[in-house]
Amino acid sequence: MSIKIFHNPRCRHSRAGLEYLKKKTIDIEVRNYIAEPPSPDELKEILLKLNKKPNEIVRTQEEYFKSALKGKTFTDEEWIKILCENPKLIQRPIVLGNHNSVVANPPHDIDKII
């Protein structure tokens, strides 16, 4: 099974998810999605595997969300554009399996896909 983790090394939850995943499998692709944000098509695929809408993976505690986005309504396409341009707004870590994915917060949620 191929596992990919969208990881932010500066995030405590993301680091915990990566450590948990390392204990479960050796075939891990780590992607720092802050340095290398997903494309809109890639994010759409992730959302499909998560079975979530874009607004459901937004980190509402981020300052940018509070100052510029809170209380506004956006279409799914607009959210995808916002998330790709501001990857810090994406919940983390996201762990992608072959057919489904999970936001691994808490880390043991990874067990749902492996």
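Bear in mind that the values in this text are calculations on the coordinates, not laboratory data. Just so it is clear, the model here is predicted, and its values are computed rather than measured. Note: ideal-geometry Cβ built from the backbone for every residue, glycine included; neighbour counts use all protein chains shown.
Work from the charge dipole of the chain (Cβ charges, +1 for Lys and Arg, -1 for Asp and Glu, about the Cα centre) and give the residue of Pro87, Pro107, Ile46 farthest towards its positive end.
Pro107
Quote the charge dipole size of segment 3-112 about the Cα centre in Debye, to the nearest 20; the model charges only the Cβ of Lys and Arg (+1) and of Asp and Glu (-1).
440
Contour minus end-to-end for Asp76 and Ser39, with contour as 0.36 nm per residue of separation and end-to-end as the Cα-Cα distance?
11.9 nm
What's the extension gain from Arg15 to Asn55 if we count 0.36 nm per residue and subtract their Cα-Cα distance?
The span from Arg15 to Asn55 would gain 12.1 nm if fully extended.
Just to verify a number: FRET efficiency for Lys112 and Arg31, C-beta to C-beta distance, R0 = 22 Å, to 0.05?
The pair Lys112/Arg31 has a calculated efficiency of 0.65.
Quick one: Karplus J couplings for segment 20-34, per residue in order, coefficients 6.51, -1.76, 1.60, θ = phi - 60°, nearest Hz, x for Gly and Pro?
Residue by residue, segment 20-34 yields 4, 5, 4, 6, 9, 8, 10, 9, 10, 9, 9, 10, 7, 6, 6 Hz.
Give me the net charge of Leu69's neighbourhood, meaning all other residues with Cβ under 13 Å from the Cβ of Leu69; Lys, Arg count +1, Asp, Glu -1.
Its environment carries a net charge of +2.
Under 8 Å for C-alpha pairs, at least 6 residues apart: give me the relative contact order for the chain, rounded to a whole percent.
38
In what sequence do His7, His99, His13, His108 fall when counting other Cβ within 10 Å, fewest first?
His99, His108, His13, His7
Once log10 I(q)/I(0) by the Debye sum over Cα atoms at q = 0.11, 0.12, 0.18, 0.24 Å⁻¹ is worked out from the coordinates, which option in [x] -0.59, -0.62, -0.88, -1.32; [y] -0.36, -0.43, -0.96, -1.57; [z] -0.33, -0.39, -0.86, -1.45 does it equal?
Only one listed value fits the structure, namely [z].
Would you mind counting up the charge near Asn98? Only other residues with Cβ under 14 Å from its Cβ, with Lys and Arg at +1 and Asp and Glu at -1.
Within the 14 Å Cβ shell, the charges total 0.
Among DSSP bridges having both ends in the chain, what percentage is antiparallel? Round to the nearest 5.
Once the DSSP bridges in the chain are tallied, antiparallel ones form about 60 percent.
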